[in-house]
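J.: Below you will find the structure I want to go over with you.
The values are calculated or read from the model by the stated rules, or taken from the named source; none is laboratory data. Quick caveat: nothing in here was measured; it's all calculated off a predicted structure. Backbone-built Cβ (ideal geometry, glycine too); neighbour counts: all protein chains shown. Note: accessible area is taken over every heavy atom of the protein model, side chains too, but ligands, DNA and RNA are not part of it. Shrake-Rupley method; radii C 1.70, N 1.55, O 1.52, S 1.80 Å.
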Amino acid sequence: MGTCWGDISENVRVEVPNTDCSLPTKVFWIAGIIKLAGYNALLRYEGFENDSGLDFWCNICGSDIHPVGWCAASGKPLVPPRTIQHKYTNWKAFLVKRLTGAKTLPPDFSQKVSESMQYPFKPCMRVEVVDKRHLCRTRVAVVESVIGGRLRLVYEDSEDRTDDFWCHMHSPLIHHIGWSRSIGHRFKRSDITKKQDGHFDTPPHLFAKVKEVDQSGEWFKEGMKLEAIDPLNLSTICVATIRKVLADGFLMIGIDGSEAADGSDWFCYHATSPSIFPVGFCEINMIELTPPRGYTKLPFKWFDYLRETGSIAAPVKLFNKDVPNHGFRVGMKLEAVDLMEPRLICVATVTRIIHRLLRIHFDGWEEEYDQWVDCESPDLYPVGWCQLTGYQLQPPASQSSRESQSGSSKQKKKAKSQQYKGHKKKRKMPVGKKPVSLSSLPMSGGVRRSFSGDEELTPPPYRALPAQTALEAFPPPSTSQEFRPSLKTVTTLQLKDELLDGEDYNFLQGASDQESNGSANFYIKQEP
């Protein structure tokens with residue numbers, strides 16, 4: 001809904017189920033938006049004035065939220081809440097007076113919501129995706145399910161279809177079939193000699209596009225040093241080295257001091273990736289730079305390290321310097337993917353902003369689980385996204401969860417001298433339990449690192465608002481609607497003040513004289 005959100009704001013009126021009634025049928029009443037939080041809106045029924053006693057939160061994109069006039073068009077009764085039903089003797093006159101000049105949703109709002117949740121990726125599509133056990137290569141995987149644009153990918157050669165990986169359809173970790181060969185990236189060939197019945201290659205145009213770069217002039221070279229977000233410990237920005245230059249602007253990056261001897265944990269970043277930075281980025285922006293594991297000359301100084309290793313820094317001009325006007329602010333709440341356990345989406349807070357880089361903190365967890373994420377990452381969602389799409393949201397960790405996690409971390413610290421033996425299947429975590437990321441496990445030089453494995457996520461069904469009842473109802477006015485091709489996000493209501501008992505009213509949609517952002521305002525006017 002990002003492109004359709006427009007002027008949805010405070011004071012916009014909507015028709016919603018009336019929960020303050022005792023009728024056996026579902027009835028509605030008009031409410032105004034008091035506050036917005038992501039997709040969620042705090043609503044107050046018309047007639048309550050400054051009384052917040054029955055205010056309630058709901059997802060503005062939910063199936064029970066409608067523009068003013070929907071009840072009239074659908075033959076649904078508008079019933080004032082029982083608490084205030086005796087406050088006015090003429091509710092029709094009250095509504096006309098209150099709604100004149102107010103704003104509501106466009107008549108096709110629910111259609112726009114539905115269209116925004118149609119995704120081009122479908123089950124049985126084949127893709128190339130990073131091998132979570134060997135970061136340096138890709139494997140063929142098949143789309144098993146699509147939830148809110150997030151894909152559950154099952155590696156094609158998985159025997160029991162449990163070897164899976166979660167990512168968004170616009171993730172830089174997935175590519176079209178043949179991508180690895182085209183740029184010179186390592187690829188694990190499948191034992192499957194031909195496509196299984198019903199499986200088909202995903203069209204290349206569906207994948208996120210990367211910016212074209214000119215590699216003919218001065219360009220990145222093997223051995224150059226830079227700073228990079230560690231893909232297996234996203235709370236850290238580390239000293240890193242370009243290990244291989246691929247085609248189309250792609251680079252293989254190794255984290256100094258943590259690389260496997262065979263390069264199996266090199267990671268592919270594009271040259272324009274917001275996750276790599278020039279030497280000195282952390283110092284300039286007062287971010288703690290993680291030195292190579294085992295490096296003893298602290299505090300770390302780039303000049304000394306470059307001299308000691310006989311290396312040069314990658315030219316600053318080659319890095320992506322674009323900073324969009326993203327609008328994020330410190331303290332904002334959101335829903336964010338735990339990229340160390342990418343099937344989980346958790347309640348999170350923005351705690352720091354460096355240009356386009358956001359520090360994401362998972363509520364209820366220690367800072368060691370924080371993640372540096374780009375402002376345009378497809379793994380960040382507004383509050384209410386999980387409810388809208390039917391995805392399971394992990395609540396903030398409880399005290400017992402943190403204490404259990406703390407004990408687990410202490411045990412791992414004691415085992416620091418032990419070598420990590422490779423990927424282990426992790427037990428499925430109950431809701432609210434955030435698993436330990438593999439990046440927190442003890443590793444030494446030459447130890448293979450990998451993404452975590454996850455069990456299948458079964459999100460709960462979307463919960464609609466509860467059925468409503470009412471004490472008394474009056475029939476809605478008859479309505480006719482006229483649709484125009486271009487709709488502004490909100491509709492302006494224009495009603496006459498005069499309203500006599502027993503009169504019938506027809507409400508028409510039409511364009512107003514006012515223009516906003518090049519699209520027409522729509523209003524509701526009373527016909528004689």
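J.: I'm trying to understand the selection: among the residues of segment 115-143, which are part of a strand (DSSP E or B) and either without any contact (Cβ under 8 Å) to a residue 40 or more places away in the chain or in contact with a helix residue (DSSP H, G or I) (Cβ under 6 Å, 6 or more places away or on another chain) (or both)?
T.: Matches in segment 115-143: 128, 138, 141.
J.: State which residue is farthest from residue 170 (Cα to Cα) when the search covers only segment 347-382 and only residues that are touching a Gly at 6+ places or on another chain (Cβ under 9 Å) and not small (Gly, Ala, Ser).
T.: Among those residues, the one meeting the criterion is 351.
J.: I've got another one for you. Among the residues of segment 255-282, write down those that are touching a Cys at 6+ places or on another chain (Cβ under 7 Å), within 27 Å of residue 376 (Cβ to Cβ) and of a type outside the set (A, V, I, L, M, F, W, C).
T.: Hit for segment 255-282 is 265, nothing else.
J.: Consider segment 1-33. How many of its residues are polar (S, T, N, Q) and under 15 Å from residue 64 (Cβ atoms)?
T.: So the answer is 3.
J.: Please specify each residue of segment 242-262 satisfying the condition of being of a type outside the set (Asp, Glu), free of Cβ contacts under 8 Å to residues at least 60 places away in the same chain and out of contact with any Asp or Glu (no Cβ under 8 Å at 6 or more places or on another chain).
T.: Selection gives 251, 253.
J.: For residue 34, only one of the following conditions fails: (1) open to solvent by less than 40 Å² (accessible area, probe 1.4 Å); (2) at pLDDT 95 or above; (3) over 24 Å from residue 148 (Cβ atoms). What is its number?
T.: All conditions pass for residue 34, except number (1).
J.: Since residue 300 meets every condition but one in (1) farther than 26 Å from residue 184 by Cβ; (2) open to solvent by 80 Å² or more (accessible area, probe 1.4 Å), which condition does it not meet?
T.: Going through the list (1) farther than 26 Å from residue 184 by Cβ; (2) open to solvent by 80 Å² or more (accessible area, probe 1.4 Å), residue 300 breaks only (2).
J.: Moving on to the next point. Being open to solvent by 50 Å² or more (accessible area, probe 1.4 Å) and under 26 Å from residue 283 (Cβ atoms), is that true of even one residue in segment 376-398?
T.: Yes, some residue in segment 376-398 is open to solvent by 50 Å² or more (accessible area, probe 1.4 Å) and under 26 Å from residue 283 (Cβ atoms).
J.: Out of the residues in segment 90-146 meeting the condition of being among the hydroxyl-bearing types (Ser, Thr, Tyr) and touching a strand residue (DSSP E or B) at 6+ places or on another chain (Cβ under 6 Å), tell me which one is surrounded by the fewest Cβ atoms within 10 Å (Cβ to Cβ).
T.: Step by step, filter segment 90-146, then rank; the result is 119.
J.: Could you check segment 236-248 and list, in sequence order, the residues that are touching a strand residue (DSSP E or B) at 6+ places or on another chain (Cβ under 6 Å) and either surrounded by 21 or more Cβ atoms within 10 Å (Cβ to Cβ) or among the polar types (S, T, N, Q) (or both)?
T.: Of everything in segment 236-248, those that are touching a strand residue (DSSP E or B) at 6+ places or on another chain (Cβ under 6 Å) and either surrounded by 21 or more Cβ atoms within 10 Å (Cβ to Cβ) or among the polar types (S, T, N, Q) (or both) turn out to be 236, 237, 238, 240, 241, 242.
J.: Considering only residues of segment 219-241 that are without any contact (Cβ under 8 Å) to a residue 60 or more places away in the chain and of a type in the set (A, V, I, L, M), which is nearest to residue 266 (Cα to Cα)?
T.: Filtering segment 219-241 for residues that are without any contact (Cβ under 8 Å) to a residue 60 or more places away in the chain and of a type in the set (A, V, I, L, M), the one nearest to residue 266 (Cα to Cα) comes out as 240.
J.: Test residue 359 against the criterion of being farther than 30 Å from residue 62 by Cβ, open to solvent by 50 Å² or more (accessible area, probe 1.4 Å), modelled with pLDDT of 95 or more and not aromatic (Phe, Trp, Tyr), and give yes or no.
T.: no
J.: Out of (1) crowded, with 16+ Cβ neighbours inside 10 Å; (2) in contact (Cβ under 8 Å) with a residue 24 or more places away in the chain, what's the single condition that is false for residue 53?
T.: Every listed condition holds for residue 53 apart from (1).
J.: Let me ask you something else. Open to solvent by 20 Å² or more (accessible area, probe 1.4 Å), among the aromatic types (Phe, Trp, Tyr) and either at pLDDT below 95 or within 23 Å of residue 272 (Cα to Cα) (or both): is that true of residue 328 in this structure?
T.: In short, yes.
J.: Check whether at least one residue in segment 85-92 is touching a residue at least 60 places away in the same chain (Cβ under 8 Å) and assigned to a strand (DSSP E or B), and report yes or no.
T.: No; the residues of segment 85-92 include none that is touching a residue at least 60 places away in the same chain (Cβ under 8 Å) and assigned to a strand (DSSP E or B).
J.: Quick check on my filter: what residues within segment 20-46 are assigned to a loop (DSSP other than H, G, I, E, B) and within 31 Å of the chain's Cα centre (by Cα)?
T.: 38, 39
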